[in-house]
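All remarks here apply to the structure that follows.
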Amino acid sequence: MLFSIYGLISASFFMSMDAVDVAFTEAAVGAGVSPLLMLATLASVGRYQKKPTDPEIPKVALLLVIITGILLIIGTLDMPAFGAADAPAHQHVAPRYIKESPEEIGIPNMVTSVLASYRAYDTLGEVVVIFTAGIGVLSLLNFRRRRRNIHLIDDIIAIDEHKILRIVSKILIPPILIFGLYVQFHGDFGPGGGFQAGVIFAAAIILYVLFFGVKYAHQVVNQTFVRVFSAIGVLLYGSVGVVSLLNGKNFLDYHVLAENPTTAQHIGILVIELGVGITVACVMILIFFSFIENIEKVIQELRK
Amino acid sequence: MALIITTITLLVVIALALIRAFAGPTVFDRILAGNLIGTKVVLIIAVMGFLFGRPDFLDVALTYALINFISVIGVLRFVEITRRSREEDKS
Amino acid sequence: MELIVSIISGVCLLAGSFLVLSGVIGVIRFPDFYTRIHAAGVTETLAASLILIGLMLIAGWGIVLLKLILILLLVLFTSPTASHALGKAAWKSGLKPTNLKQRNEDRN
Amino acid sequence: MILDLFNYWVVIALMMIGFFIVIARGNLVKKIIGLNIFQTSVFIFYISAGKVNGGTAPIVVEGAKLYSNPLPHVLILTAIVVGIATTALALSLVIRIKANYGSVEESVILKQDKL
């Protein structure tokens, strides 16, 4: 729980640093999804484990940490002052992004234009990393044949039936999904975009699983569908690049998509953000389902 | 002026709620403190949007309000699930 | 007219901050979980609505107002639900309210 | 002014807390939490480096002249989501370790490996 608070506070910190987009992401990820994954892990590995610790280790570690910290603080003395406009970080490509992107790309949110157009190749790499991590989780956790009947965890979910909560979440889930779509497609004009929208979407599904059980959730969100779509998102992203390659331009050069350069950029960014959103949402849902099914396995073994 | 006072109060409140979150003693106290901090952060983001003169960023506060609810409820559910699965283990 | 609106919004904001502060003092000072949830849950709704109404008054017409109303609705919707769920979960887990009378007698 | 550097010190403090947890705690889940704190300190470092005094958020608005640097925002935005994906991968590794070794304590696992 403290971890979740940590996420909340760091998001408000990013907000105060003018990093709205980052605050948005941290709000969705740091406060919502990552503590839940931590707790899901704790539910399957057991919460408390008394351990015989070597008393020397913390002392040595503390010494090491203090020395490293002092060295780093000495290192900061040469760093540019906080908020200085002439810091080296603001000298190279950033002024160009700030000056040119409203004309070149034609959308007000510079973060989105840098993310999806200037540095689209970077972002493709990030999306592939997310996809790979999803595959990794799947192959690690579904190591035995998948059990069709997931009932124990559903029984537990059914014992603590919160009627009020159920109804409230039933009312809330559709607006959350719509809000996710808004974030997805409003990312050009305000804070938002595929990464955030994907996480918000996944959060809605997680809320559903926690109240209606895995069995019903499997009926709502088809697992094969999610698996296929997590790949399709990456494919959509990559195929934009391939389209521009086939038309004789550089990889991920959007100018082939339409006559008017800004329209082309618009289309390119829209498609790419869609790909990102689909992949992120599907991978998050997949990861969460894997964790939940694993808790089921652990409970089954405890019963034996 | 009122905006600044509100922001400072909210910051103080978050700091105080952190004490409760650290002190516990039960897990529910911690979740309560987390919930409290969550709603305060929603408010602080909204107020800060006005303070900095960019109130069109209320989307972040809205996301926060949603995610905070999901996270509090989710943590609660996981606490319950963990407890139930261990309880039956003992019996 | 504008002056009056801004004064009202300032009063709303200050009242909201006062309530928030009193709520958190309750959360820190009260002896057990159920009294704490009382302090937090009760003040939270009114304080949040007062602060958001204060912001609405200075926002003027437009999309910002709509978003503020959405946030307000959401807060009014979720925070009592979360408090209820917390209280119920704590009760089901076997957490009993502290009997203050008993405790004071024990101390004496 | 020496106080102008306080953002780096906050970053270093957080980073060292994360570092301490990673090396001093034997519990693998705690190690991952430490790694996460370390990661967040790096995020904060980047974002605070992107801040310009008097600047506003990098979304074009009429009347604003000075914007914060959008580049660190982009890097960190993706890094956060990638971070959660890799954290999930690490956690699932921990679950597998628990399933095979019966423990998430580093010392116990190492002892089993030696036998």
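Taken together, the values in this text are just the output of simple stated rules run on the coordinates, not laboratory data. Please read all numbers here as calculations on a predicted model, not as lab measurements. Every residue, glycine as well, gets a Cβ built from its backbone with ideal geometry; the counts of neighbours run over all protein chains shown.
Details
- Cβ-based charge dipole, chain D, positive-most Cα from D:Ala57, D:Ala88, D:Pro70: D:Ala88
- Simple spin-label estimate for C:Arg29 and B:Phe22 in nanometres, 7 Å along Cα-Cβ: 2.1 nm
- If R0 is taken as 45 Å, the Cβ-Cβ distance between A:Asn250 and A:Arg303 corresponds to a FRET efficiency of 0.15.
- Of A:Lys297/B:Lys40; A:Lys99/A:Lys249; D:Lys30/D:Lys114; B:Lys40/D:Lys98; A:Lys59/D:Lys111, pairs whose Cα-Cα distance is over 32 Å: A:Lys297/B:Lys40; B:Lys40/D:Lys98
- Magnitude of the charge dipole for the stretch A:104-303, about its Cα centre and with charges confined to Cβ atoms of Lys, Arg (+1) and Asp, Glu (-1), is about 840 debye.
- Length-normalised contact order of the stretch B:2-90 in % [C-alpha pairs under 8 Å, at least 6 apart]: 26 percent
- For the protein assembly as shown, a simple Cβ point-charge model (Lys and Arg +1, Asp and Glu -1, everything else neutral) yields a dipole of about 2540 debye relative to the Cα centre.
- Approximating the spin labels as points 7 Å out from Cα along Cα→Cβ, the C:Ile7-to-A:Thr263 distance works out to 5.6 nm.
- Residue-span extension gain [A:Val93 to A:Thr132] - 0.36 nm each, minus C-alpha spacing: 11.0 nm
- Expressed as a fraction of 2.2 N^0.38 Å, the value expected for a compact globular protein of N residues, the C-alpha radius of gyration of the stretch C:2-107 is 1.38.
- Ranking C:Ile4, C:His38, C:Leu73 by Cα position along the charge dipole of the stretch C:2-107, where only Lys, Arg, Asp and Glu carry charges on their C-beta atoms, puts C:His38 farthest toward the positive end.
- Bins of 10 Å from zero: percent of alpha-carbon pairs in the stretch A:148-262: 12, 28, 29, 17, 10, 4, 0
- Most positive-pole-ward Cα, B:Ile19, B:Asn68, B:Asn35, against dipole of the stretch B:2-90 from beta carbon charges: B:Ile19
- Coarse-grained scattering of chain D at q = 0.10, 0.16, 0.23 Å⁻¹, given as base-10 log I(q)/I(0) from a Debye sum over alpha-carbon atoms: -0.46, -0.85, -1.22
- Extension gain from A:Glu104 to A:Ile66, taking 0.36 nm per residue of separation minus the Cα-Cα distance: 8.9 nm
- Radius, Kirkwood style, for the stretch B:2-90 when every pair of distinct Cα atoms is counted (Å): 14.5 Å
- Using a simple spin-label model with pseudo-atoms 7 Å out from Cα toward Cβ, C:Ile69 and A:Ala84 lie 4.9 nm apart.
- FRET efficiency for A:Lys215 and A:Ile178, using Cβ-Cβ distance with R0 set to 30 Å, rounded to 0.05: 0.70
- Expected 222 nm ellipticity per residue - DSSP helices of 4 or more, -39500 (n - 2.57), all of the protein assembly as shown, to 500: -26500 deg cm²/dmol
- Calculated from the alpha-carbon coordinates, the stretch A:202-304 shows an Rg and a Dmax of 19.1, 67 Å respectively.
- The smallest convex shape that holds all Cα atoms of the protein assembly as shown, its convex hull, gives 190 Å³ per residue.
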